[in-house]
Amino acid sequence: MNARIGRIEFQPDKADDVVGHVRENVVPKYEETDGFKGFTLLLDRSRGDCIGISFWENEDAMRASDALGDQAREGSASVGSGSDRGKEHFEVAIDTMA
């Protein structure tokens, strides 16, 4: 399994807007994408910092969805009046949530 981590900054008073946007717009698009395994959103409301982690069946599926991830970060940052802080790719070596 592989994971893409994306980070955004947002205005702290927009935290609920960011969460709603991700729940209603980002996750459904990921769910329709081949190789998608799951999604986790980490939020620091007081600092306005957000980490989204999308999980993929394999590296090819993860890389094939990069454009969707870029759109997700840009849209979420916009909703939060913040900025896109980029992405990183990882192999999942241990996963105890499955």
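Bear in mind that the values in this text are calculations on the coordinates, not laboratory data. Quick caveat, the model's predicted, so the values are computed rather than measured. Backbone-built Cβ (ideal geometry, glycine too); neighbour counts: all protein chains shown.
Considering only residues that are in contact with a Lys or Arg (Cβ under 9 Å, 6 or more places away or on another chain), loosely packed, with under 14 Cβ neighbours inside 10 Å and acidic (Asp, Glu), which ones fall in segment 68-94? Glu88 - this is the single residue of segment 68-94 that is in contact with a Lys or Arg (Cβ under 9 Å, 6 or more places away or on another chain), loosely packed, with under 14 Cβ neighbours inside 10 Å and acidic (Asp, Glu). Of the residues making up segment 12-62, those that are hydrophobic (A, V, I, L, M, F, W, C), out of contact with any Asp or Glu (no Cβ under 8 Å at 6 or more places or on another chain) and over 14 Å from Asn2 (Cα atoms) are Ala15, Val18, Val19, Val22, Val26, Val27, Leu41, Leu42, Ile51.
For segment 52-66, state whether one or more residues are at positive phi and either surrounded by 18 or more Cβ atoms within 10 Å (Cβ to Cβ) or among the acidic types (Asp, Glu) (or both). No. Among the residues of segment 69-90, which ones are polar (S, T, N, Q), part of a helix (DSSP H, G or I) and in contact with a strand residue (DSSP E or B) (Cβ under 8 Å, 6 or more places away or on another chain)? Once the filter is applied, which keeps residues that are polar (S, T, N, Q), part of a helix (DSSP H, G or I) and in contact with a strand residue (DSSP E or B) (Cβ under 8 Å, 6 or more places away or on another chain), segment 69-90 yields only Ser76.
For segment 4-40, filtered to residues that are closer than 20 Å to Met97 by Cα and part of a helix (DSSP H, G or I), the residue that is farthest from the chain's Cα centre (by Cα) is Glu31.
Inspection of segment 84-96 finds a residue satisfying the criterion of being in contact with a helix residue (DSSP H, G or I) (Cβ under 7 Å, 6 or more places away or on another chain) and farther than 16 Å from Ala3 by Cα. Within segment 52-98, track down each residue that is closer than 15 Å to Tyr30 by Cβ, in contact with a Ser or Thr (Cβ under 9 Å, 6 or more places away or on another chain) and not hydroxyl-bearing (Ser, Thr, Tyr). Residues satisfying the conditions are Gly52, Ile53, Phe55, Trp56, Ala61, Met62, Ala64, Leu68, Gly69, Ala72.
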